[in-house]
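Data block below; observations after.
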């Protein structure tokens with residue numbers, strides 16, 4: 001077995017060499033200049049590049065005591081790739097900025113790197129460069145690069161009144177997984193799919209690219225803050241309002257019962273839980289039924305609301321307006337609920 | 001005057017909106033999708049993209065007590081652009097991952113953003129996207145994207161025995177500036193150019209692109225860790241050794257006297273001080289004299305050593321080998337000297 005990635009033993013440059021070596025072993029030979037001053041990517045002509053950055057900080061987005069380094073690494077990359085999926089881009093590579101405490105535990109770094117390279121292989125998105133610095137807390141910052149034909153990106157803006165709002169997959173599962181972990185119930189019968197969804201989310205890369213090629217979506221984004229709040233982002237970027245039918249929100253099998261067992265409001269979790277990394281998009285009124293989307297995108301698709309004039313998002317249950325207290329997560333608002341990213 | 005960027009008042013999304021607004025006001029309209037899931041860049045066909053990431057952490061790379069936020073921002077971007085310069089790339093845009101303590105001082109963030117957008121304008125490299133998270137310590141992570149014609153990047157590898165080693169500008173000035181600041185002598189007569197060099201380095205963007213277009217350099221990198229250590233990186237990547245003539249290292253005017261006054265070894269600072277962000281490159285034996293490089297690259301260029309067979313870097317003074325204790329900075333080696341990044 002290869003030696004652990006021990007920052008104190010290897011030093012900065014030894015660490016970079018070890019990372020390069022592992023990336024090469026894992027087949028990341030695609031990037032020309034890994035370890036050079038900058039990574040080189042070679043986009044095809046007439047293509048655009050989509051770039052996205054996301055950071056995870058120890059004590060804010062994760063705690064080592066309750067975190068498996070491999071899952072954390074998977075999630076760090078998956079979160080970024082979900083942003084590329086939401087643009088309809090094909091991932092081409094990513095950079096990693098790694099901030100480590102001087103006494104970083106080698107097993108953690110080692111597990112993180114193994115998880116990261118595994119996720120990179122799974123999502124066909126190689127590590128092409130980055131930076132390693134010391135820091136009081138662990139921090140992982142990933143910048144992912146995706147490619148797409150010029151002018152075809154799925155933007156958040158573009159939705160128009162009358163458009164229908166569609167959603168891939170289900171929502172609420174990730175937040176329930178987190179709640180189960182926090183309640184110490186992560187290993188109970190039936191908990192596993194929710195926990196897995198929270199720890200190892202799958203970005204909708206295929207569906208995003210298919211949707212982009214189809215050209216039917218007027219606006220799109222990925223569900224990271226919670227479907228209600230993210231619909232608000234889409235509506236705001238488009239200069240419109242929206243309605244969301246709570247009872248049409250698809251939830252995972254066993255979701256309601258598991259929520260009840262933990263004393264959680266299922267609607268609240270489904271609307272505001274966040275981190276489901278599904279795609280939320282607006283299509284013209286005349287677009288086909290959800291089942292046709294399902295078939296073409298290769299994943300479940302449901303119709304969950306509509307775009308209207310005005311501003312803001314209204315929540316409807318059985319066609320009647322309702323209000324809910326908690327609508328997603330904001331990093332700096334003083335009263336924000338503390339939750340995993 | 002615009003309101004301060006107060007994280008507690010604005011919240012995460014308000015902060016993003018304020019950043020977008022300021023970037024627009026500063027003329028960064030070039031990126032299509034700022035604030036969307038990912039930023040879109042539009043490279044020309046047959047071009048490659050160079051990507052580089054660098055992070056700065058509070059308490060490690062800077063301390064607020066001794067840091068001007070505008071200078072810090074300038075440096076954060078400049079450090080990344082220097083990596084692009086060393087590839088010969090033209091900057092096209094950058095992403096910012098911003099990690100802020102929940103009680104971040106608005107004046108600091110405000111100054112940082114002003115400095116960042118100012119540097120972005122100066123270097124013609126707009127802010128195109130990023131991420132904001134909360135964190136126990138401030139951290140700024142920048143990923144810059146540059147463009148260059150396919151297959152023309154100046155890589156670290158490629159130097160061959162017999163090549164001559166060239167250097168733009170002077171070295172040691174930044175380390176001296178830091179020493180002056182730490183000695184509380186930053187405002188004394190004659191200190192200013194060194195302090196400025198430390199706080200507001202200028203990446204050699206023009207020279208890097210001219211060198212790349214010329215096609216004469218076999219290998220190149222920027223001097224960030226110290227010229228001796230960086231020559232070691234170039235030699236190692238090229239699978240060769242190198243010799244460095246200490247007495248041929250160009251130093252800024254007044255450097256020796258200022259070092260003496262502080263009780264510092266001038267050679268040590270020039271060789272190992274780091275952060276000069278000059279370009280170090282290897283050219284074939286038959287290449288023109290340094291003065292011709294100076295003219296074509298539009299900046300001072302000196303010949304400071306040569307590539308040879310074998311491994312490692314030998315230091316020569318008056319043609320005789322010497323050894324020096326301190327050769328640059330490594331973030332994790334336990335015995336590493338503590339210095340600014």
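Odds and ends about this structure:
- Percent RCO, i.e. relative contact order, over chain A, from Cα pairs under 8 Å lying at least 6 residues apart: 21 percent
- With respect to chain B, whose longest principal axis is taken over its alpha-carbon atoms, helix B:227-238 is tilted by about 80°.
- Taking B:52, B:76, B:323 in turn, the Gaussian network model of chain B (Cα-Cα springs below 10 Å) assigns the largest fluctuation to B:323.
- Considering only the Cα atoms of segment A:164-322, their convex hull presents on average a projected area of 9.1 nm².
- Equivalent ellipsoid dimensions for chain B as semi-axes, Å, which come from the Cα gyration tensor, largest first: 35, 25, 16
- Across segment B:164-322, the relative contact order, built from alpha-carbon pairs under 8 Å that are at least six residues apart, equals 42 percent.
- Listed from fewest to most Cβ neighbours within 10 Å, the set A:176, A:316 follows the order A:316, A:176.
- Here residue A:253 yields copy-to-copy label distances, from shortest upward, of 7.9 nm, the label point defined as 7 Å from Cα along Cα to C-beta.
- The alpha-carbon positions of segment B:117-184 define a convex hull whose volume is 238 Å³ per residue.
- For chain B, the antiparallel share of DSSP beta bridges with both residues in that region comes to about 75%.
- Distances, shortest first, from the label point of residue A:17 to those at the same position in the other copies read 5.2 nm; the point lies 7 Å along Cα to C-beta.
- Relative contact order (percent, whole number), segment B:58-142, Cα cutoff 8 Å, 6+ residue spacing: 45 percent
- Among B:251, A:218, sorting on how many other beta-carbon atoms sit within 10 Å of each Cβ, with the fewest leading, yields B:251, A:218.
- Gain on full stretching of the segment that runs from residue B:4 to residue B:318 - 0.36 nm per residue minus C-alpha separation: 107.4 nm
- Residue among A:275, A:265, A:65 with the largest mean-square fluctuation in a Gaussian network model of chain A, springs linking Cα atoms under 10 Å: A:65
- Kirkwood hydrodynamic radius over Cα pairs of segment B:222-261, then Stokes diffusion coefficient at 4 °C and 1.567 mPa s, in µm²/s: 109 µm²/s
- Computed [θ] at 222 nm, deg cm²/dmol, the protein assembly as shown (DSSP H ≥ 4; -39,500 (n - 2.57); rounded to nearest 500): -10500 deg cm²/dmol
- At 7 Å out from Cα toward Cβ: residue B:149 inter-copy label distances (nm, ascending): 2.8
- Least to most buried among A:67, A:143 (fewest other Cβ within 10 Å first): A:67, A:143
- Of B:73, B:220, B:124, the one that fluctuates the most in a GNM where chain B has Cα springs shorter than 10 Å: B:124
- Cα gyration tensor, segment B:231-311 - rounded (a/c under 1.5), prolate or oblate: oblate
- Averaged over the residues of peptide A:231-240, the number of Cβ atoms from other protein chains lying within 10 Å of each residue's Cβ is 1.
- Fraction of beta bridges assigned by DSSP in segment A:169-318 that are antiparallel (%, nearest 5): 65 percent
- Rounded to 10°, Cα long-axis angle of helix A:69-87 versus longest principal axis of chain A: 50 degrees
- Per-residue average of Cβ from other chains inside 10 Å of B:92-101: 4
- Average silhouette area of segment A:47-135, convex hull of alpha-carbon atoms, in square nanometres: 5.9 nm²
- Cα gyration tensor shape of the protein assembly as shown, rounded if a/c is under 1.5, else prolate or oblate by comparing a/b with b/c: prolate
All of the numbers you see were taken from the coordinates with simple rules; none came from a lab. Just so it is clear, the structure is predicted and the values come from calculations on it, not from any experiment. Here the Cβ is made from the backbone with ideal geometry for all residues, glycine too, and neighbour counts use every protein chain on show.
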